[in-house]
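The next block holds one structure in the form of structure tokens; read it before the comments.
The values are calculated or read from the model by the stated rules, or taken from the named source; none is laboratory data. Everything numeric here is computed off the predicted structure, so don't read it as measured data. Heads up, the Cβs are rebuilt from the backbone with ideal geometry, glycines too, and the neighbour counts pull from every protein chain shown. What goes into the accessible areas is simple: the full protein's heavy atoms, side chains included, and nothing from ligands, DNA or RNA. Shrake-Rupley method; radii C 1.70, N 1.55, O 1.52, S 1.80 Å.
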Amino acid sequence: MNAPTHGANPAAGALAQRTAALERCYRRVQHERMGGLGLLNPALSVQALGFEPAAQNPTLAEGVLLTPWFMSLLRLPLRAQAPAGGRIGQRSSHAFGNECFDFLGAFDAEIGYYESCALFSPMHGFDSQPLALQTAQEVLRQLRQTPAALADAAADPGAERSSAEARALASRRAFFRYPLGGTGAA
């Protein structure tokens, strides 16, 4: 899979290359390290989605990584970085959209240093890739809402959805409304 060329916007090109490398890395992990494990959900595949430069640090991209064994928020530097200062395995709190989460530092030779915050693991509760993608997109939508949109949603949480859709998303919304005991992970 070739990354698209973005001659007019080098940052967009770097972001496309980094997310393509992230997907290649996790597909390799799936096939080389995870193959045959019951932890994998065969209905799902690796996909990086919603990655965009972080508002607080434009040298980082933030998005969701979906795999057959987990779904996580990721903070991915736009340029591969070596792990420095003992950051691998260390937790650090970062804003992601309108919330703050604890992220765990990780390193892979193919993609360099990055940070992740688990949303779901294992992934057996998802019966299809479209459902997992819809959930990831809803997570990103909620986290990236402006303060005004958050206030509007609090005033009338079902305004944009039918009551059935609102009930279906209620448990996912609750995930972000309640403290996670400082762990930042589900």
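Summary of values
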| item | result |
| --- | --- |
| Complete set of residues in the stretch 24-46 that are touching a helix residue (DSSP H, G or I) at 6+ places or on another chain (Cβ under 7 Å) and not aliphatic (A, V, I, L, M) | SER45 |
| Residue check for LEU73: of a type outside the set (Lys, Arg), within 19 Å of GLN145 (Cα to Cα) and touching a helix residue (DSSP H, G or I) at 6+ places or on another chain (Cβ under 8 Å) | yes |
| Every residue from the stretch 61-91 that is in a strand (DSSP E or B) and open to solvent by 40 Å² or more (accessible area, probe 1.4 Å) | ARG91 |
| Any hit, the stretch 96-112, residues being in a loop (DSSP other than H, G, I, E, B), open to solvent by 20 Å² or more (accessible area, probe 1.4 Å) and under 27 Å from ASP127 (Cα atoms) | no |
| Restricting the stretch 45-54 to residues that are open to solvent by 30 Å² or more (accessible area, probe 1.4 Å) and touching a residue at least 40 places away in the same chain (Cβ under 8 Å), the residue that is farthest from GLY35 (Cα to Cα) | PRO53 |
